[in-house]
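Report on the following structure.
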């Protein structure tokens, strides 16, 4: 009898231990599930905060009424805001402070730190299509990561192509991209400078001209108010002009004072979990007011 009682007691103890182990595992699973749910909530919250940052950047650019861009503008300064129990930070960079790699000449590229051999490779690459991002430079033969890091902040892929400044090869690639005879590039070079893009209609036809209008210009390209001295000197801008940051008749085809494309980086932080959005905003004037549209959007994984 005592032996049977002892066996029953041992079995009971084992059963209690097994149940305790099961409860412990169950509690751990519940905690993990709760943590996962909270993490998902915080990820969604962080993304919403980053999106709020893009909206904030849009408002800042819309409300910029100075008529020209400057490093002293409110949008040009790093911003961090508290929203609810999280924060978001904003950095806005106007892309016209840089040189568009899709129409930079070999001479300009050399002055901005790209070797002659790599500059030639870039020109060859552009004959088959334009760069979508500056990071594509890493696909160029001879371009290593160290060289890329040294020059990447000098270049952009945003902004219109200035038909008065672009190389013949760039214009030929542009014509090919719009299914126009590449020889039209020679005609454009022979007839420039153009006082306005409307003159292109006579060369490429009205239908193709309507397609080209959003991507070409005859004025501006580099924002004299925000570009570095290094970039302005590469274009041979007079030191006095660089110092005064004003545009005269000789360089108005190259320079502008009001940018159209802005690179926005916003990061939302919710309980230590961060999400970042990279966006490019295009700003145009409509009825004496700024109109903003998103032309690029990338969320960090």
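Read the figures in this text as sums done on the coordinates, not as results from a lab. Predicted model only: the values in this text are computed from it and were never measured. Neighbour counts run over all protein chains shown; Cβ positions are idealised from the backbone, glycine included.
Here are some notes:
- Subset of region 210-228 [over 15 Å from residue 257 (Cα atoms) and surrounded by fewer than 19 Cβ atoms within 10 Å (Cβ to Cβ)]: 210, 211, 213, 214, 215
- Of 165, 232, 174, all but one fail to be out of contact with any helix residue (DSSP H, G or I) (no Cβ under 7 Å at 6 or more places or on another chain), surrounded by 14 or more Cβ atoms within 10 Å (Cβ to Cβ) and under 22 Å from residue 97 (Cα atoms); the exception is 165.
- Scanning region 145-164 for residues that are under 26 Å from residue 296 (Cα atoms) and assigned to a loop (DSSP other than H, G, I, E, B) yields 157, 158, 159, 160, 163.
- Only residues that are closer than 17 Å to residue 256 by Cβ and out of contact with any strand residue (DSSP E or B) (no Cβ under 8 Å at 6 or more places or on another chain) were counted in region 66-102, giving 6.
- Residue 252, sole failed condition from (1) without any contact (Cβ under 8 Å) to a residue 60 or more places away in the chain; (2) in contact with a helix residue (DSSP H, G or I) (Cβ under 8 Å, 6 or more places away or on another chain); (3) surrounded by fewer than 19 Cβ atoms within 10 Å (Cβ to Cβ): (2)
- Members of region 122-137 found to be surrounded by fewer than 18 Cβ atoms within 10 Å (Cβ to Cβ) and either within 15 Å of residue 168 (Cβ to Cβ) or without any contact (Cβ under 8 Å) to a residue 24 or more places away in the chain (or both), listed by number: 123, 124, 127, 135, 136
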